[in-house]
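Notes to accompany the following structure.
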Amino acid sequence: MIEGKAIKYGNNVDTDVIIPARYLSTSDPAELAAHCFEDLDPSFKDKVQAGDIVVAGTNFGCGSSREHAPIAIKASGISCIIAETFARIFYRNALNIGLPIMECPEAARDIRDGDRVAVDLANGIITNITTGCTYKAAPFPPFMQELIEAGGLVKYVSEKMGEDR
């Protein structure tokens, strides 16, 4: 179960505002997190707390295919993203690094900035604790839950192969 405060954004949040191109010379997660959303929401780095949940509209993560974007979000402490829809490449990149994401248009529209939200990945249940409303999203199959719990695709494969990375 994931639980945190909602940080809400609108439609078409692209990878350039998630992590501006001027910071792509580093792959250090902490450095990327320090600049996450700074062009969209300069207060993000000061208000985000470990466990918080980004809630957004349609086409979240559109733009370039940079893996830096989900890395910056995860390293900032965000535990999950709920959106109406995700750009396909962002969706895959997020799962590859072990960042849980849920598509649920109703929840994404109804949840407000600052609401307390709980996410049950195994059952696809999103609960707005603030309002008491519950939403149903497609649950992740067990394989994807294992991948997320492992911290991403590379760590998952390493564990399955018996390697220590």
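Each reported figure results from applying straightforward, stated rules to the coordinates on display, with no laboratory input. Please read all numbers here as calculations on a predicted model, not as lab measurements. With ideal geometry, Cβ positions are generated from the backbone for all residues, glycine too; neighbour counts draw on all protein chains shown.
A helix-only calculation puts the chain at -8000 deg cm²/dmol for mean residue ellipticity at 222 nm, using -39500 (n - 2.57) for each DSSP H run of at least four residues, averaged over all residues. For the residues 16, 41, 120, a GNM of the chain with alpha-carbon springs under 10 Å puts the largest fluctuation on 41.
Would you list 102, 1, 144 from fewest to most Cβ contacts within 10 Å? Let's see the in-between values first.
Working: 102 25, 1 10, 144 14.
Listed from fewest to most nearby Cβ atoms, that is 1, 144, 102.
Based on alpha carbons, the Rg and Dmax found for the stretch 105-165 are 15.4, 45 Å. Taken about its Cα centre, the stretch 1-127 carries a charge dipole of roughly 100 debye when the Cβ of each Lys and Arg holds +1 and the Cβ of each Asp and Glu holds -1.
Comparing 19, 71, 125 in a Gaussian network model of the chain, where Cα atoms under 10 Å apart are tied by springs, the biggest mean-square fluctuation is seen for 125.
Dipole orientation for the stretch 49-110: of the candidates 58, 82, 99, 99 has the Cα lying most toward the positive pole (charges on Cβ; Lys, Arg +1; Asp, Glu -1).
Remark: spin-label model distance residue 110-residue 149 equals 2.9 nm, labels positioned 7 Å along the Cα→Cβ axis.
As a proxy for reagent exposure, ranking 143, 37, 86, 60 by other Cβ atoms within 10 Å from fewest up yields 143, 86, 37, 60.
Values of log10 I(q)/I(0) for the stretch 62-119 across q = 0.13, 0.15, 0.23, 0.26 Å⁻¹ run -0.33, -0.44, -0.97, -1.15, by the Debye formula with one identical scatterer at each alpha carbon and no solvent. The residues 17, 55, when put in order of fewest to most other Cβ atoms within 10 Å, stand as 17, 55.
Between 20, 100, 70, the Gaussian network model of the chain with springs among Cα atoms under 10 angstrom shows the greatest mean-square fluctuation at 20. For the stretch 1-71, a simple Cβ point-charge model (Lys and Arg +1, Asp and Glu -1, everything else neutral) yields a dipole of about 140 debye relative to the Cα centre.
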